[in-house]
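Derivation of every value follows stated rules applied to the coordinates shown; laboratory data play no part. Treat the numbers as computed from the prediction; the structure is a model and nothing was measured. Glycine also receives a Cβ, built like all others from the backbone with ideal geometry; neighbour counts cover every protein chain displayed.
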Amino acid sequence: MTQSVTQTDRNAGGFNLFRFARSQEGVVVFLLVALMIIVAVFSTASPYFFDVRNGMNIGRAISIIGIASAFTTLLMIAGGLDLSIGAVMNAAGVVAAIVLSETSLGIGGAIAAAVAVGALVGWVNGMFIAKLGINPLIMTIAMQFIVRGLTLGLAASASKVIVDPMFLAIGQSYFHIGPLSIPAPLLWMLLAMLVLWFVLRFTLFGKYVYAVGGKASACRRAGINVNVITIQLYMLSGIGAALAGVVLAAIQGAGIPYGAGSELSVISAVILGGVSLAGGVGLIEGTLIAVLLVGVLKNGMTLMGISSVFQMVAEGLVLVGAVTLDRLKRRL
Amino acid sequence: MHKLGLTAALAVSLLGASAINGAMAQDAAANPTLTQDPGNPNQARHWVTYDAAAGAYRVDSSVTADPASWSAANAAKAAGRKLICFTAESEEFDWDVVLVNPSMRRAAEAAGVELLLLNNQYPSTTKPIENADICVQRGADLVVSFNVFSEIAPAIMTKYNDAKIPVIAMDVAHPGSVFYGADNCKTGALAAQFALQWAKDKNWPLDQLQVVAGVDPAVGGAPNCRNTGFVDAIKVAVPQLPASNYYDVDMRTGELGPVAGAIAATTDWLTAHPDAKYIIATSINDDRAYGIAQAMKQAGRGDAAVDGIVIGKNAEKAALDAVRAGDTPLVGTVSFFGNKYGDDVIPLALDILAGKPVPTITSVSHEVISKANIDKYYPQ
């Protein structure tokens with residue numbers, strides 16, 4: 001009975017709920033609904049949650065993961081994976097701090113040097129993965145170790161304090177729009193999302209990203225240089241991590257050579273946002289809402305006084321739930 | 001058009017930055033908390049009161065008593081329901097979960113103040129900054145900041161200064177806050193004194209000591225003084241000991257945790273130094289000290305009378321158990337009584353909120369816990 005209803009619905013003309021649920025847009029709507037429910041629950045549970053200032057706090061807290069996730073979304077849609085993101089973030093912050101303190105290149109030089117580091121790491125990753133066929137997981141884990149080691153060596157294992165007010169403004173200033181004081185990092189994240197949304201949606205490169213992730217062999221037959229696209233995407237991932245690292249260093253007021261490793265937070269946000277590990281599927285909008293959802297969840301639980309021990313459990317459950325729902329949805 | 005937008009954005013950023021700098025630009029003479037170094041034994045100590053209008057501590061020269069005479073017993077009582085935001089170092093490590101955090105909760109409850117405990121998730125360098133935002137947003141009356149990374153302390157303090165919230169920094173100084181906690185360098189010096197006394201009691205040749213410091217560059221400069229204080233004190237006491245007898249062994253927290261990391265690093269060091277005797281070792285905390293002792297024992301070089309000894313820091317349960325049992329080289333641990341932090345910090349907070357003068361630096365008592373005195377300080 002269920003089978004026949006499902007079949008009927010699948011074949012129905014006009015709006016088809018099952019088809020919509022399976023679509024990329026369906027994932028975004030699902031996440032949006034989940035976000036709204038979570039916001040409603042926390043708004044009821046904590047008097048401090050539904051507040052503009054708290055919203056800005058959430059925005060700033062998610063900005064670093066958000067910037068890196070935006071770039072990683074493109075890579076993962078194309079079937080790639082980058083576990084060197086966290087190491088590149090730390091490296092970029094340290095390089096920027098060193099350029100600021102030990103050269104006269106100023107803020108422009110510091111950002112350019114940081115971005116160059118990210119691009120170089122991405123290029124090396126891409127070359128080994130695309131040209132030599134090395135598994136991305138292995139290659140980027142190896143690169144994570146290499147970059148972490150080099151960063152610690154470069155910084156002599158010590159943090160580099162940043163005092164340049166112009167650089168600090170990248171992470172610590174606010175944009176005043178009417179009564180709103182929007183933290184700068186939040187705007188950088190939204191800007192990154194907007195630019196990459198445009199790239200994915202309206203450019204030929206964006207179409208290639210989906211095509212490479214969907215069927216690389218077909219792309220090759222169609223004359224698309226898959227290797228070049230792959231290398232470019234790893235470079236973009238490195239640049240995204242470097243930009244996130246620059247903002248992070250500006251927030252912290254220091255380039256810190258060590259960190260807890262944010263790559264798993266980035267990748268889990270991208271997957272939660274509907275990007276398939278197999279590639280070919282995903283939207284920037286999904287990543288944005290997923291990053292927001294995780295940020296809201298963490299913030300709301302903190303405001304409710306829920307122990308961080310249980311917050312970790314909840315974060316894991318949300319990810320498992322999202323992946324399970326995605327799996328079930330594909331069976332519809 | 002695009003360029004114009006970016007320029008405008010940068011201009012707005014700069015305006016924001018100058019506002020931040022303006023808030024930070026306070027007179028260090030009137031507010032010594034801005035530049036104080038609690039680890040410096042020559043650091044002058046003052047009485048200060050919190051100027052809520054200015055959002056800064058100010059020297060209170062009306063009090064002539066020694067700032068060290070401040071006592072929790074004479075502290076003010078809570079006037080109305082106050083919210084104290086405590087950004088705890090972690091909710092994971094023994095030091096926090098067993099000692100400091102419960103003491104803060106207990107003392108807050110006894111004093112009738114609301115305590116909002118937020119987890120800084122050490123070793124995260126972003127969470128302490130996010131938590132500062134939450135404390136400000138919740139409108140905390142006072143913040144107790146247990147952030148280990150001195151590098152990010154200015155970024156944290158900018159938020160509290162802007163919001164005019166007084167801050168007590170725990171264990172690591174934050175510019176613009178009063179300090180409460182351990183003297184990291186002193187813990188190292190006390191461990192060294194104990195180790196040298198042990199060596200003398202066992203008739204070890206002092207010029208053949210092997211000084212091992214389990215270092216972790218990732219913890220920042222202040223906690224690492226627990227090692228450098230140890231080494232410096234030995235250099236002063238045993239000037240004839242050659243520089244080649246000092247070893248920094250890297251014990252940063254790896255994927256298997258601090259104890260496993262310390263065991264692996266020490267095992268490698270012991271392998272590279274098969275004839276090393278008269279080892280006096282220390283590290284920044286008991287986890288690593290415990291790991292060093294375990295590695296020595298497992299290598300068959302754990303006889304505290306001959307091979308060497310380890311002195312830990314923090315007086316955590318595993319270390320205290322090892323000291324009491326006496327079957328490993330871990331023969332001592334420097335305690336600064338984290339289980340009593342709350343008993344001082346909450347009254348200190350109440351005095352600040354009541355507008356009473358408080359010391360710029362309140363140091364906790366430090367004691368090397370050994371088999372000889374463990375039952376006195378930590379009765380079973």
Worksheet item: With the radius of gyration and the Kirkwood radius both derived from the Cα set of the stretch B:300-371, what is their ratio Rg to Rh?
Response: 1.22
Fill in: Per the protein assembly as shown, cysteines lacking a partner by the 4.7 Å Cβ criterion
A:219
Worksheet, complete the sentence: When all Cα-Cα pair distances of the stretch B:184-335 are considered, the percent exceeding 22 Å is 29 percent
Response to the item:
Here the percent of antiparallel bridges among DSSP beta bridges lying wholly in the protein assembly as shown, to the nearest 5, is 30 percent
Worksheet, complete the sentence: Note on the stretch B:255-380: alpha-carbon gyration tensor, axes a ≥ b ≥ c; rule is a/c under 1.5 for rounded, else prolate if a/b larger than b/c, else oblate; result prolate
Worksheet item: Which is farthest toward the positive dipole end of the protein assembly as shown among A:146, A:234, A:16, measuring Cα position about the Cα centre, with Cβ charges +1 (Lys, Arg) and -1 (Asp, Glu)?
Response: A:16
Worksheet, complete the sentence: With +1 at each Lys and Arg Cβ and -1 at each Asp and Glu Cβ, the charge dipole magnitude of the protein assembly as shown around its Cα centre, to the nearest 20 debye, comes out at 2180 debye
Practice prompt. Give the longest segment of chain B that steers clear of GluC sites (Glu not before Pro) in DSSP loops with at most 16 neighbouring Cβ atoms within 10 Å, not counting the sites themselves.
Written response: B:93-254
Discussion item. Out of all DSSP beta bridges in the stretch B:240-354, what portion is antiparallel? Express it as a percent rounded to 5.
Written reply: 10 percent
Worksheet item: How large, in Å, is the stretch B:107-242 by the Kirkwood hydrodynamic radius built from its alpha-carbon pairs?
Response: 17.2 Å
Fill in: Segments A:220-231, B:354-365 sorted - mean Cβ within 10 Å per residue, highest first
B:354-365, A:220-231
Worksheet item: Where nothing but the Cβ of Lys and Arg (+1) and of Asp and Glu (-1) is charged, how large is the charge dipole of chain B around its Cα centre, in debye to the nearest 20?
Response: 460 debye
Discussion item. For the pair residue B:64/residue B:376, report the inter-label distance in nm, with labels modelled 7 Å from Cα in the Cβ direction.
Written reply: 3.6 nm
Worksheet item: When the Kirkwood hydrodynamic radius is evaluated over all pairs of different C-alpha atoms of the stretch A:1-158, what value in angstrom, to one decimal, is obtained?
Response: 19.9 Å
Worksheet entry | Whole-angstrom Cα spans of the protein assembly as shown along principal axes, big to small | 89, 64, 62
Worksheet, complete the sentence: The answer for residue B:116, listing residues at least 5 apart or on another chain whose modeled amide H is closer than 5 Å to its amide H, is B:84, B:85, B:86
Worksheet item: From Cα coordinates alone, what are the radius of gyration and Dmax values for chain B in angstrom?
Response: 22.5, 80
Worksheet, complete the sentence: A correct Kirkwood calculation over the Cα atoms of the stretch A:24-331 returns a hydrodynamic radius in Å of 19.8 Å
Practice prompt. Could you list the trypsin sites (Lys or Arg not before Pro) in the stretch B:231-296 that lie in coil according to DSSP, counting only those with at most 14 other Cβ atoms within 10 Å of their Cβ?
Written response: none
Response to the item:
Applied in sequence order to the stretch B:75-80, the curve 6.51 cos²θ - 1.76 cosθ + 1.60 (Karplus, θ = phi - 60°) yields integer Hz couplings, x standing for Gly and Pro, of 5, 5, 8, 5, 9, x
Discussion item. Suppose each label sits 7 Å from its Cα in the direction of the beta carbon; what would the residue A:201-residue A:325 distance come out to in nanometres?
Written reply: 2.2 nm
Discussion item. At 0.692 mPa s and 37 °C, plugging the Kirkwood radius over alpha-carbon pairs of the stretch A:256-313 into Stokes-Einstein gives what diffusion coefficient in µm²/s?
Written reply: 257 µm²/s
Practice prompt. Using the charge dipole of the protein assembly as shown (Lys, Arg: +1 at Cβ; Asp, Glu: -1 at Cβ; taken about the Cα centre), state which of B:115, B:305, A:49 has its Cα farthest towards the positive end.
Written response: A:49
Practice prompt. Based solely on C-alpha atoms, express the radius of gyration and the Dmax of the stretch B:19-137 in angstrom.
Written response: 16.8, 43
Practice prompt. With r as the distance between the Cβ atoms of residue B:37 and residue B:264 and R0 = 41 Å, compute the FRET efficiency 1/(1 + (r/R0)^6) and round to 0.05.
Written response: 0.75
Worksheet item: Under unit Cβ charges (Lys, Arg +1; Asp, Glu -1), what dipole magnitude, rounded to 20 debye, does chain A have relative to its Cα centre?
Response: 940 debye
Discussion item. Under the rule of at least 5 residues apart or a separate chain, name every residue whose amide H is placed under 5 Å from the amide H of residue A:174.
Written reply: A:184, B:16
Worksheet entry | For the stretch A:15-23, 3J(HN,Hα) per residue [Karplus equation, 6.51 cos²θ - 1.76 cosθ + 1.60, θ = phi - 60°, Hz, x = Gly/Pro] | 5, 10, 4, 5, 5, 5, 4, 7, 7
Item to complete: Rounded, prolate or oblate: pick one for the stretch B:122-179, where a ≥ b ≥ c are the square roots of the eigenvalues of its C-alpha gyration tensor, a/c under 1.5 means rounded, and failing that, prolate if a/b is larger than b/c, else oblate.
Response: oblate
Discussion item. Suppose R0 equals 45 Å. What FRET efficiency, 1/(1 + (r/R0)^6) with r the Cβ-Cβ distance, do residue B:236 and residue A:116 give to the nearest 0.05?
Written reply: 0.45
Fill in: Amide H contacts of residue B:57 (H built 1.01 Å from N, under 5 Å, at least 5 apart or other chain)
B:51
Worksheet item: Going toward the positive end of the dipole of the protein assembly as shown, with +1 on Lys and Arg Cβ and -1 on Asp and Glu Cβ, which of A:112, B:363, B:292 do you reach last?
Response: A:112
Worksheet entry | Test item: A:171-181 mean partner chain Cβ contacts at 10 Å | 4
Worksheet, complete the sentence: Quick calc, residue A:145 & residue A:222: beta-carbon distance into FRET formula, R0 45 Å, rounding 0.05, result 0.75
Fill in: In range of the label at residue A:312: residues from the stretch A:263-284 whose backbone nitrogen is under 15 Å from the point 7 Å along Cα→Cβ
A:264-265
Fill in: DSSP-defined antiparallel bridges as percent of all bridges, chain B, nearest 5
25 percent
Item to complete: Enter the mean number of other protein chain beta carbons within 10 Å of the beta carbon of each residue in B:125-137, as an integer.
Response: 6
